[in-house]
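S.K.: First, the structure itself, so that you have it in front of you.
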Amino acid sequence: MTDIIQLLPDHVANQIAAGEVVQRPASVVKELLENAIDAGADDIKLIIKDAGKTLVQVIDNGKGMSDTDARLSFERHATSKIKSAEDLFQLNTKGFRGEALASIAAIAHVELKTKRPIDELGTAIEIEGSTIKSQEVAVTPTGTSVGVKNLFFNIPARRNFLKSDTVELRHITDEFHRVALAHPNIAFAFYHNGSELFNLPKENYRQRVVHIFGNKTNEKLVPVEEETEVLKISGFVGKPEYSKKTRSEQFFFVNQRFIKSPYLNHAISAAFEGLLKDGYHPSYFLNLTVDPKTIDINIHPTKTEIKFDDEHTLYAILRSAVKHSLGQFNIAPVLDFEQHTGLDTPYSYKDKAGKAPTIEVDQSFNPFADDSSVSRGSSNSSKTSFRSAPTANWESLYVGLESKGNGKQGNGLDLNFEKDYKTETIFSDTSVETSKTTFQLQQRYIVSTLKSGMLIIDQNRAHQRVLYETFLKHITIKEATSQQLLFPLELSFTPNELQIILDLKEDLEHTGFVFSDVTKETLVVTGVPVGVSESEVSIILEQLISDVEQDVPDANFSAADLLAKSMAKTLAIKNGQSLKQTEQEHLVNSLFACKDPNLSPTNRPIFVTMSTEDIEKKFV
Ligand code: ADP
Ligand code: MG
């Protein structure tokens, strides 16, 4: 028997490694930017063509490489950054694996030009799929330029797997933001297809944040500074009123490395407790500095998680630092709302006792008079009526019962009796009741009768379906009507968010939106779809941005579909909203006029049916 185990040839091993390090053009951007920073550059240019599918190039003014190093840099496990395993525990560089350039060169055409300050002439290397095509002496400025062309040229499956340019560019922009935010003392420029997207001079951290996220950001930043033995914190949190539906402005950097940490994120949320609306997230841009010995970053190169020795302490420090800042800037209320009303009650009772130690009697109260007398007395109407007279107690119960259950209560005996009792005069709409085909259950479901049994409809999902089909129709046949706003509405966004809206602008216009002016950071809305109120506009657009950011649609997604879904989600009747009889009926009728009344736009069931048979079985 011959042996069958063989060592993989280098170019194959590199390709396999590349699969892990390089997932998309944005991964190349990250690796090249980090190399430039590790080389001590203070001026870095990022040049992109076709969202990185054609070209990713990074030019730095760092320390450059000798011609031997230039060649070695493409070998696997070749690094100048660590020499022994111990170095791993005091890492001050971003890279250390010596894998990135080897991996990138295995799956792309790479052109490297580099020169050290002490050298007169530099080196140029061309390498394609791990094969060196040429190495020459070259006239080139001090520093390094790495150009990566035709990414995945030799792995068509990976190339086809790439998303649309819009999506890939968004990933690149995200990476760029992370690196640029972590290093305000380095100048960065970013060009895409010849146009300049960012030009950031060396600046302080506040200026850097504002430069990236727009001028409006300035007023919303609250500084956070804290220094303890184990942790130094500096940076900003956003004021609560500027919180966002998306998490796109949440940044932690640990020793100038972007990380994600749900645990530390929770510490921030805890500091903001009681200050945010449901579903909104605080913005933060926080730099944490810890002893490199207390963290473990020796994890996967593309991962952004990190392991801390003592997470609990960091959590506590972070939470209290943020809370302190919010308090200092008078943002946190002295008492939160619930506590306040709780405390209020005993005090008001004390006051009353002091002023008038008498029993209040509603002299005009007559239990046999009509409904209006019951609600007189005090603001606590139901309790008062309980105390006032037993008759009123009984009557108020009756009122509650009837209006909640719409006369369809199951306790037959009482109900029959009550029905006989003067219902006509107490309830003006009794006559309508008999013709009701629907009623609302727990302000959440609409129950409707069928010949063969009954239907229970989820009101929110039903309305989403109705709106979704309407919007989709408007977008495709381009015939929505729009209503003019009395005063134009000016909304501000970050450049990134604005880009998302611009990508969908045409479709948005087909739903009825009219935009009169778009600048770098603001959008002026002069018309909205019929039925949409002015106050809903910003909610719709924020939700849309959040949906686009989260869904990461692939190349063949339909923008129209996403838009219709998102708007339907924002505008649909919520659970907990009570609906008038006519509204209930209208919703049910509209639902069954839909093409697909069974499923919500996100493919969840809209209603369940219960046949008379099912019901009968329950009574056996
Ligand atoms: P790592 O960054 O993990 O060391 P890379 O494959 O990214 O591995 O780079 C290999 C080596 O090439 C680096 O250790 C560094 O010495 C050199 N190098 C890469 N990029 C640059 C650059 N822009 N300027 C100077 N040296 C560089
Ligand atoms: Mg590197």
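S.K.: To the nearest 10 Å², what's residue 445's accessible area with a 1.4 Å probe?
M.R.: Ignoring ligands and nucleic acids, residue 445 comes out at about 60 Å².
S.K.: Further, regarding this structure: Picking from 66, 15, 85, whose Cα lies most toward the positive end of the charge dipole for the stretch 1-136 (charges on Cβ: Lys, Arg +1; Asp, Glu -1)?
M.R.: So the residue we want is 15.
S.K.: Further question: Using a 1.4 Å probe on the protein heavy atoms only, what accessible surface does residue 506 show? Give it in Å² to the nearest 10.
M.R.: Accessible surface of residue 506 is approximately 120 Å².
S.K.: Then there's this: Please report how far the C-alpha centroid of the stretch 74-152 lies from that of the stretch 516-551, rounded to the nearest whole angstrom.
M.R.: Their Cα centres are 45 Å away from one another.
S.K.: How many lysine pairs are close in the stretch 474-620, with Cα atoms under 23 Å apart and the two 8 or more places apart or on different chains?
M.R.: 12
S.K.: Right, here's the next one. Taking every alpha carbon pair in the stretch 132-244, what does the distance histogram look like in 10 angstrom bins from 0, in percent?
M.R.: Histogramming the stretch 132-244 at 10 Å steps yields 10, 28, 29, 21, 10, 2 percent.
S.K.: Need the full-extension length gain, residue 519 to residue 593, defined as separation in residues times 0.36 nm minus the C-alpha distance. One decimal, nm.
M.R.: Values: separation 74, 0.36 × 74 = 26.64 nm, distance 4.13 nm.
Result: 22.5 nm gained on full extension.
S.K.: Counting other Cβ atoms within 10 Å, keep those with at most 16, restrict to DSSP loop, and tell me which trypsin sites (Lys or Arg not before Pro) in the stretch 462-521 are left.
M.R.: Values: sites: 465, 473, 478, 505, 520; in loops: 478, 520.
Of the trypsin sites (Lys or Arg not before Pro), the ones in loops of the stretch 462-521 whose Cβ has at most 16 other Cβ atoms within 10 Å are 478, 520.
S.K.: Oh, and also: Which order do 226, 203 take by accessible area at a 1.4 Å probe, largest first? Walk me through the numbers before you get to the answer.
M.R.: On the way: 226 65, 203 25 Å².
So, going from the largest accessible area down, we get 226, 203.
S.K.: Could you give the size of the charge dipole of the stretch 469-559 about its Cα centre, using +1 on the Cβ of each K and R and -1 on the Cβ of each D and E, expressed in debye and rounded to the nearest 20?
M.R.: Values: 4 positive and 17 negative charges, 58 e Å.
Using Cβ point charges on Lys, Arg, Asp and Glu, the stretch 469-559 gives about 280 debye.
S.K.: A follow-up question, please. Protein chains only, probe 1.4 Å: how do 34, 241 rank by accessible area, largest first? Walk me through the intermediate numbers first.
M.R.: Working: 34 25, 241 130 Å².
So the residues, ranked largest to smallest area, are 241, 34.
S.K.: Using all alpha carbons of the stretch 103-164, what is the percent of pairwise distances in each 10 Å bin, ordered from the shortest bin to the longest?
M.R.: 23, 41, 24, 11, 2
S.K.: Pairs 30/94; 63/133; 232/277; 49/149; 94/260: which are spaced more than 18 Å apart, C-alpha to C-alpha? Provide the component values of the computation, followed by the final result.
M.R.: Details: 30/94 10 Å; 63/133 25 Å; 232/277 30 Å; 49/149 9 Å; 94/260 16 Å.
Those over the limit are 63/133; 232/277.
S.K.: Two decimals, Cα atoms only, Kirkwood Rh: what is Rg/Rh over the stretch 186-323? If you can, show how the numbers build up before the last one.
M.R.: Numbers: Rg = 15.8 Å, Rh = 16.1 Å.
Result: Rg/Rh = 0.98.
S.K.: Something else now. Using 7 Å Cα-to-Cβ label points, what is the residue 90/residue 78 separation (nm, one decimal)?
M.R.: Between residue 90 and residue 78, the label points sit 2.8 nm apart.
S.K.: Quick check: net charge around residue 488, other residues with Cβ under 12 Å of its Cβ, Lys/Arg +1 and Asp/Glu -1? Please report the intermediate quantities before stating the final value.
M.R.: Details: positive: none; negative: 490, 517, 534.
Summing Lys/Arg as +1 and Asp/Glu as -1 gives -3.
S.K.: Now for a different question. What does the charge count around residue 62 come to, taking other residues whose C-beta lies under 14 Å from its C-beta (Lys +1, Arg +1, Asp -1, Glu -1)?
M.R.: On the way: positive: 45, 63, 81, 94, 113, 115, 116; negative: 34, 38, 42, 43, 60, 69, 119.
That sum, taken over residues with Cβ under 14 Å, equals 0.
S.K.: Label points 7 Å out from Cα along the Cβ direction at residue 487 and residue 613: separation in nm?
M.R.: A separation of 6.3 nm, rounded to one decimal place.
S.K.: How big is the dipole moment of the stretch 1-136 about its Cα centre under a simple scheme where the beta carbon of each Lys and Arg is +1, that of each Asp and Glu is -1, and everything else is neutral? Debye, nearest 20, please.
M.R.: Working: 16 positive and 22 negative charges, 61 e Å.
Using only the charged Cβ atoms, the result is roughly 300 debye.
S.K.: A further question on this structure: Let me understand the stretch 1-160 better: what is its radius of gyration from the alpha carbons, and its Dmax, in angstrom?
M.R.: Rg then Dmax for the stretch 1-160, in Å: 16.0, 60.
S.K.: What accessible area per residue comes out for the stretch 15-56, rounded to a whole number of Å², with a 1.4 Å probe?
M.R.: 30
S.K.: What does the charge count near residue 193 come to, summing +1 for each Lys or Arg and -1 for each Asp or Glu among other residues with Cβ under 10 Å from its Cβ? Don't skip to the end; give the middle numbers.
M.R.: Numbers: positive: 49; negative: 50, 165.
For residues surrounding residue 193, the net value is -1.
S.K.: Excluding ligands, DNA and RNA, what is the solvent-accessible area per residue of the stretch 59-180 at a probe of 1.4 Å, expressed in Å²? Display every interim value, and only then the final one.
M.R.: Details: 6060 Å² over 122 residues.
Each residue of the stretch 59-180 exposes 50 Å² on average to a 1.4 Å probe.
The values are calculated or read from the model by the stated rules, or taken from the named source; none is laboratory data. Remember, it's a predicted structure, so these values are computed and weren't measured experimentally. A quick note on method: Cβ atoms are made from the backbone with ideal geometry, for glycine too, and the neighbour counts reach across all protein chains shown. Quick note on the areas: whole protein, heavy atoms, side chains included, nothing else; ligands and nucleic acids left out. Shrake-Rupley method; radii C 1.70, N 1.55, O 1.52, S 1.80 Å.
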